[in-house]
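A short worksheet on the structure shown next.
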Amino acid sequence: MEHSYQQVLERGAALVTGGELPPCPEAEASLRCLMRGNAQYLDHSRNAAELTDLIRLSTAHEGQHPYAAVVCCADSRVPPEHIFSAGIGDLFVIRNAGNVMSPAALGSVEYAAAHLHVPLILVMGHRGCGAVVAALQKHREAGALGELIAEVSLGIGHARDPRQAERNNLCHSLETLGQSEVLRDLADRGRLGFAGAVYDIRSGAVELLVDPEPSAEDR
């Protein structure tokens, strides 16, 4: 790949904590596994993971031990288990429109990290996100939907280009993770890493986030 996985984790750490974090080899291994799964998905256009009675019974009796937590959009075109060729018990997935880091989403991430001991938190946006489009077009909605769009609007900042807006929203969600003392403590002890990605709903490819911070004009 063009960039190393360590660079991706360093970028995630900078967004979440504003600085550097101790290396987390387990996070790098999990990120590598995710991207290997995406490569399999692109090659075969199907999920080759184990989805058998045996694995269902095993996880029912022995509990779940996911290797990563994925925060992504609820969009029906963004199925994370298929995108990463993951099976039962492999991923702890948190989904909502616009991959917003709401209190419920943040609490779910904390659960995955502190209780399930996942070593990697991946926040994944996607091309053609309806929540981002609604925020860009300044749609007004009543109730909780209006609050969600307002949060996405905060995330995209001053961006007007849809791709930049999607990336800004993703960065905002990663930055919000830094509000959690639970996550920061685990990361400071080298037990947790963070990464960002954007999924292309046309090609099926996952692009990992490693670019520098967007300019003030874009944000």
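Just a few scattered comments:
- Under 5 Å between amide hydrogens, built in the peptide plane, is the criterion, and for H126 it picks out Y199 among residues at least 5 positions away or on other chains.
- 3J(HN,Hα) along segment 158-164: 9, 4, 10, 6, x, 5, 5 Hz, from the Karplus curve 6.51 cos²θ - 1.76 cosθ + 1.60 with θ = phi - 60°, whole Hz, x for Gly and Pro.
- Average Cα contact separation per residue, segment 5-208, under 8 Å, 6 or more apart, as relative contact order %: 29 percent
- Each peptide in 57-67, 194-204, 131-141, 7-17 receives the mean, over its residues, of other Cβ atoms within 10 Å, and ordering these scores from highest gives 7-17, 194-204, 131-141, 57-67.
Read the figures in this text as sums done on the coordinates, not as results from a lab. Computed from a predicted model, the values in this text were never measured in an experiment. Please note: Cβ atoms are built from the backbone with ideal geometry, for glycine as well, and neighbour counts cover all protein chains shown.
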